[in-house]
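Participant: Below is the structure I would like to discuss, written out as structure tokens.
The values are calculated or read from the model by the stated rules, or taken from the named source; none is laboratory data. All values reported here derive from a predicted model rather than from experimental measurement. Don't worry about glycine lacking a Cβ; one is built from the backbone with ideal geometry, like all the others, and counts go over all protein chains shown. Each accessible area value is taken on the protein alone, full model and side chains, heavy atoms only, with ligands, DNA and RNA left out. Shrake-Rupley method; radii C 1.70, N 1.55, O 1.52, S 1.80 Å.
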Amino acid sequence: EDEYDKLLHLKQKCFKLAQEKILVANQAYSVVDAAVRRLDFDLAKFETLLKNTGEFEASLFGGVAKPNDLAAIQVNPNSTDWILAKVISHDLGTGMYKLSDEDVESNKIFNLPESQVVVLGGVDRLSRGDIIYAVYPDTTSFYQATVAQAPRKVSGGGSFVMVNFKDDGDENGVTHDKAVLMKHVMRVPYVLT
């Protein structure tokens, strides 16, 4: 009988512990459920706000491009080469862009999918050491660069950033800082290897 009482006591103890675990799990579920409901509510409010300002569509399509907006374009898919272009039109239905080459010696027109177009103007915060793509001075080509100094504002409302372009050392191997307008800068469009 003594063994039976021990087993009965252990069974009751296990049952009590199991019920406590169920209670804790239900409480945790309630906390998580309340947090998820709050996030859903906040997201719905934010979506409504963005829709009212027109920014919701911009976030869905990577930016609603307007005619004359500057863009970086990848003429050949999967290439690491990007050039500066100007938006002529953007068809939201098909996702196709019509763009003109910004090179003054070129009259090329490109019809490209959204995957090969980055509308410029979205980079606002940069720190020393950030890796970006920027238009090399006096060209319309983007090259990898490292931010040497944080962006600065200039009179007239624009701003520029000082960068060091990759593989741009002089004959002594010294890489000099170059100023690039912020409107000619984009984040790295893919993972660097």
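Participant: May I ask you to list the lysines whose Cα is less than 16 Å away from that of K13, ignoring any residue fewer than eight positions away on the same chain?
Facilitator: K21
Participant: Still on this structure, I have one more. Could you tell me which trypsin sites (Lys or Arg not before Pro) in segment 107-193 are loop residues by DSSP with no more than 16 other beta carbons within 10 angstrom of their beta carbon?
Facilitator: K108, R125, R128, K166
Participant: Taking the C-alpha atoms of the chain, how large are the radius of gyration and the largest Cα-Cα span, Dmax, in Å?
Facilitator: According to the Cα coordinates of the chain, Rg and Dmax are 28.1, 102 Å.
Participant: Sticking with this one: Ordering H184, H9 from largest to smallest accessible area (1.4 angstrom probe), what's the sequence?
Facilitator: Numbers: H184 40, H9 115 Å².
So the residues, ranked largest to smallest area, are H9, H184.
Participant: While we're on this one: What does the extension gain come out to for A150 and D124, with contour length at 0.36 nm per residue minus their alpha carbon separation?
Facilitator: So the chain would gain 8.3 nm between A150 and D124.
Participant: Does segment 1-40 come out rounded, prolate or oblate, given a ≥ b ≥ c as the square roots of the eigenvalues of its C-alpha gyration tensor, rounded meaning a/c under 1.5 and, failing that, prolate meaning a/b above b/c?
Facilitator: prolate
Participant: Tell me what the chain gives for mean residue ellipticity at 222 nm when only DSSP H runs of n ≥ 4 count, each as -39,500 (n - 2.57), the sum divided by the residue total, rounded to 500 deg cm²/dmol.
Facilitator: Mean residue ellipticity at 222 nm (helix-derived): -11000 deg cm²/dmol.
Participant: Given the C-alpha centroids of segment 145-185 and segment 1-48, what is the distance between them in whole angstrom?
Facilitator: Using only Cα atoms, the two centres lie 56 Å from each other.
Participant: Between L8 and S115, with labels modelled 7 Å along Cα→Cβ, what's the label distance in nm to one decimal, could you check?
Facilitator: 7.2 nm
Participant: Right, here's the next one. Report, to the nearest whole %, how much of the accessible area of segment 1-152 belongs to carbon and sulfur atoms, 1.4 Å probe, protein only.
Facilitator: Details: 5920 of 10730 Å².
For segment 1-152, the apolar C and S fraction of the accessible surface comes to 55 percent.
Participant: Report the calculated FRET efficiency for I131 and Q27 (r = Cβ-Cβ distance, R0 = 45 Å), to the nearest 0.05.
Facilitator: 0.50
Participant: Arranged from highest to lowest average of other beta-carbon atoms within 10 Å per residue, in what order do the peptides 82-94, 31-43 appear?
Facilitator: 82-94, 31-43
Participant: Let me ask you something else. Using +1 on the beta carbon of Lys and Arg, -1 on that of Asp and Glu, and nothing else charged, what's the dipole of the chain about the Cα centre, debye to 20?
Facilitator: Roughly 620 debye, rounded to the nearest 20.
Participant: Here's something else I'd like to know. Which of rounded, prolate or oblate describes segment 135-193 when judged by the alpha-carbon gyration tensor and an a/c cut-off of 1.5?
Facilitator: The shape class here is oblate.
Participant: Tell me the relative contact order for the chain as a rounded percent, counting alpha carbon contacts under 8 Å between residues six or more apart.
Facilitator: 13 percent
Participant: Now for a separate question. Among F165, F46, F142, determine the one that fluctuates most according to a GNM of the chain built with springs between C-alpha atoms less than 10 Å apart.
Facilitator: So, out of F165, F46, F142, the one fluctuating most is F46.
Participant: Under the rule a/c < 1.5 gives rounded, and otherwise a/b versus b/c splits prolate from oblate, where does segment 109-155 land using the Cα gyration tensor?
Facilitator: Prolate is the answer for segment 109-155, as a/c is 1.5 or above and a/b outweighs b/c.
Participant: Return the subset of K45/K183; K108/K178; K98/K183; K108/K166; K66/K183 for which the Cα-Cα distance in this structure is over 22 Å, preserving the input order.
Facilitator: K45/K183; K108/K178; K108/K166
Participant: So which GluC sites (Glu not before Pro) in segment 69-136 are both in a DSSP loop and have at most 15 other Cβ atoms within 10 Å of their Cβ?
Facilitator: E105
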